[in-house]
Amino acid sequence: MTPQLQLPVTILTGFLGSGKTTLLNYLLEQHPGERIAIIENEFGAVGVDGGLLGQRSGIEVIELTNGCVCCSVRGELTEALHDLLARKDAGTLLFDRLLLETTGLADPAPIIQAFFVDDVLRERLQLDAVITLVDSEHAQKQLTEHRVAVSQVGFADRLILTKLDRIDSQAKEQLLDRLRKINARAIMCEADHGKLDKDAWINIQAFNLDDSFNIDSAFTLSPKSNNNPVTFRPIIQSPTLLTRSWNDDITSHVFEANDVDIKLIGAFMETTIEKYGNDMLRYKGILSIAGESRRLIVQGVHRVVGFDYGAEWSTDETRKTLLVIIGRNLPIDTLRNDFLATVK
């Protein structure tokens, strides 16, 4: 029997009013030929296009005019995903990709973990990325007052900023600085009233164990013309404006070294995850192992972690171990010392 291809899954999160539905509507309008199952993991909330979804309990599936399906889940997400896969296998639902939109007050952690702890979902579905929308006008207040808003940013592979036209340049720089401190590995993009090319946030393969890695990057996407290819341009940062010190409990930490010992770095990762895994939102590393010609890639969410060897180091590049941990109130000095003790 030919093995089934894994279906890609994008988790779309962001605090209340950040513009998730507007972004989804734009995607559907611009790509009517694609078959997408949109899962609204809401509780009594209004779905795509406002009022499209009913208010009954359980799961309700509605066929959209472009061939996509929209599902309202008010119950166990894992069971709903099993149900969708069964309908796909039976030919009653046709879709090639899943988009899971969370409620604005949801912590993404349990949703992400569902795709790793369930055997069927792990075999049939492949997480593509966690995309977090940020309401630029209200983000500072939300990040200060709502712990879940910081968590949503911390889990993100890509941050999509909305309503940037409603704040001035200084407020924009301060927001970018705060977001970078929370999550240094997420690329930042700008959506203009939901207009953002799908290549900026769909099929970015952020959960693949490869050596694609971004540290402290911030980019904005120009969505003015749908006829032009996607291009990114840096958001220029003005250091003189960044005088505010934020006290968010979730922050990014970068660990760097040269070659590390395979046994020591393995023990370090095992011990760190065992002790602090509940507070480690996302982590990824490209490890330079002494005596090994290939990169060792590590990536994890809380206590779920994967390792795999990637491309070989070329002779003209400097070998370097780089590990980013996004976590909550971690003992960084202790971890940094333990990490440096693995250097060969």
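For the reader, a short list of remarks on this structure follows.
- For segment 66-114, accessible area per residue (1.4 Å probe, heavy atoms of protein chains only), Å²: 34 Å²
- Compactness relative to 2.2 N^0.38 Å, alpha carbon Rg of segment 106-206: 1.16
- Segment 267-344: relative contact order as a whole-number percent, Cα under 8 Å and 6+ apart: 33 percent
- Rounded FRET efficiency, nearest 0.05, which uses the C-beta distance separating Thr78 from Arg147 and R0 of 35 Å: 0.90
- When the Cα atoms of segment 268-344 are aligned to their principal axes, the ranges along those axes come out at 39, 23, 16 Å in descending order.
- Other residues lying with their Cβ under 14 Å from the Cβ of Gly67 contribute a combined charge of -1, Lys and Arg counting +1, Asp and Glu -1.
- Remark: segment 281-344 carries 46 Å² of accessible area per residue (probe radius 1.4 Å; ligands, DNA and RNA excluded).
- Centre-to-centre separation between the Cα atoms of segment 122-169 and those of segment 270-344: 24 Å.
- Kirkwood-based shape ratio for segment 134-190, expressed as Rg/Rh from alpha carbons: 0.92
The values are calculated or read from the model by the stated rules, or taken from the named source; none is laboratory data. Here the structure is a predicted model, which is why all the values come from computation and not from measurement. Note that each Cβ is placed from the backbone with ideal geometry, even for glycine, and that neighbours are counted across all protein chains shown. The area values use the complete protein model at the heavy-atom level, side chains included, leaving out ligands, DNA and RNA. Shrake-Rupley method; radii C 1.70, N 1.55, O 1.52, S 1.80 Å.
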